[in-house]
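The structure appears below as structure tokens.
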Amino acid sequence: MQAFTYRNQTLHVEDVSVADLAETHGTPLYVYSRNYFLRQLTELRQAFAAVDPLICYSVKANSNLSVIKTFAGAGAGVDIVSGGELFRARRAGVDASKIVFAGVGKTHSEIEAALREDIRFFTVESEGEVERISECAVRLGTVGRIAFRVNPDVDPQTHRYISTGKQENKFGMDPARVRQAFKRAAELPGVEPVGLHLHIGSQILNADPFVEAIHKVTPLCHELREQYDTFKTLDIGGGIGIVYEPGDQQLKPATLAERLLPLLQELDLQIVMEPGRYLAGEGGILVTRVQYVKDSYRKKFFVVDAAMNDLLRPSFYQAYHPIVAVRETGETVMGDVVGPICESGDFLAQDRTLPDVPADALLAVHCAGAYGFTMASNYNSRPRPAEILVDGNNARVIRERENLDDLIRGEKMED
């Protein structure tokens with residue numbers, strides 16, 4: 001399905017007019033398609049049905065409770081990276097047995113909270129983390145299941161900030177260290193080593209890096225399976241990309257499955273997957289209203305009410321997001337879409353062919369369902385946007401727009 005389509009020259013999300021949503025709820029505004037989220041999950045699940053994977057939605061992509069609950073209600077688990085995400089997942093009703101906890105810097109309190117919830121397993125990034133989980137588990141009188149993160153030294157062919165599987169990255173351990181760490185973990189009290197984890201990066205549009213990574217860890221999987229009865233799981237992470245820029249070719253789940261399934265079936269392990277961007281990215285937009293149109297000698301500046309604090313990716317990653325007019329127009333112009341923040345890096349698009357719209361027109365920034373609101377901030381004391389979830393012809397506010405009192409909540413002034 002297409003989450004966003006034009007009807008009578010007005011952009012709709014499912015059966016709801018985006019213009020009407022903007023009039024009702026104001027801008028900037030995040031809008032998501034519930035049925036698009038579910039379709040993506042179904043497509044991935046069907047493609048890999050032969051290995052019956054546990055699909056754990058990556059909460060960091062979009063951590064709204066209603067979004068988490070949408071995926072959990074369809075049988076998905078979640079991949080978390082903090083105690084706060086654990087809290088969100090449990091509040092959204094995610095079964096603890098379907099929660100996997102990644103991240104290189106877990107604190108004592110985060111580990112203990114996850115142990116009390118009895119999550120499926122921790123993704124372990126270092127030997128020191130194994131020791132800490134053991135200490136916490138012994139103190140609580142329980143056992144923590146762990147999967148060691150292997151760094152296979154594979155180039156994911158993506159932006160260097162979201163590459164995680166090369167030797168120079170901070171994530172995981174090389175196979176030789178994993179062998180030693182697995183042996184040590186098998187001897188420690190309070191921990192049970194149950195598997196391996198690998199996640200080589202994000203926004204990957206080619207199956208080759210995934211195939212290379214599985215090939216590299218296959219000998220280690222066979223070795224550990226022979227030596228340890230507890231070794232039963234391979235978590236292959238996430239990273240499937242989406243179409244941001246013209247010319248991007250979508251890596252279809254069926255295409256990826258065709259390459260990976262023979263390798264995974266040979267391993268005969270429980271497979272876990274951790275998609276985030278693939279499930280949520282193209283199912284969301286950021287709606288913004290043009291405040292001013294400013295002409296320069298060679299292009300136009302469309303000054304809008306959304307900014308880098310609302311959608312950081314263009315400034316942080318120099319990322320491309322498609323931008324369209326909510327009310328369709330055939331006129332285009334070379335220009336920038338910029339926000340009101342006092343930074344030259346505050347832009348949503350630069351040197352781009354854009355819809356030529358007047359002040360007060362609405363624009364929609366596509367591919368904003370993942371790493372949009374979750375990376376938003378209150379920089380320049382700007383309240384964060386509302387979030388709307390659309391299901392057919394029903395639109396529901398799933399996060400209220402922040403107000404000025406929200407900006408100073410928790411702050412204290414001296415007398």
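Some values worked out for this structure:
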{"quantity": "Filtered residue count, region 71-92, keeping only those that are touching a residue at least 24 places away in the same chain (Cβ under 8 Å) and touching a Lys or Arg at 6+ places or on another chain (Cβ under 6 Å)", "calculated": "2"}
{"quantity": "Any strands (runs of 3 or more DSSP E) falling wholly within region 332-415 and containing at least 2 residues that are touching a helix residue (DSSP H, G or I) at 6+ places or on another chain (Cβ under 8 Å)", "calculated": "347-355, 362-365, 386-391, 394-399"}
{"quantity": "Residue 323 buried (at least 16 other Cβ atoms within 10 Å of the Cβ) and over 27 Å from residue 248 (Cα atoms)", "calculated": "no"}
{"quantity": "Selection within region 45-79 - of a type in the set (Ser, Thr, Tyr) and more than 15 Å from residue 272 (Cβ to Cβ)", "calculated": "63, 66, 70"}
{"quantity": "Test: residue in region 294-303 that is surrounded by 24 or more Cβ atoms within 10 Å (Cβ to Cβ), in contact (Cβ under 8 Å) with a residue 40 or more places away in the chain and at negative phi", "calculated": "yes"}
{"quantity": "Residue list for region 243-288, restricted to those being part of a strand (DSSP E or B) and surrounded by fewer than 20 Cβ atoms within 10 Å (Cβ to Cβ)", "calculated": "270"}
{"quantity": "Residue 80 in the same structural domain as residue 150 (by TED's automatic domain parsing) and at pLDDT 95 or above", "calculated": "no"}
{"quantity": "Qualifying residues in region 208-240 (those that are in a helix (DSSP H, G or I) and in contact (Cβ under 8 Å) with a residue 60 or more places away in the chain) - the one surrounded by the most Cβ atoms within 10 Å (Cβ to Cβ)", "calculated": "213"}
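The values are calculated or read from the model by the stated rules, or taken from the named source; none is laboratory data. Because the structure is a prediction, the values reported are computed rather than measured. We place every Cβ from the backbone using ideal geometry, glycine too, and count neighbours over all the protein chains shown.
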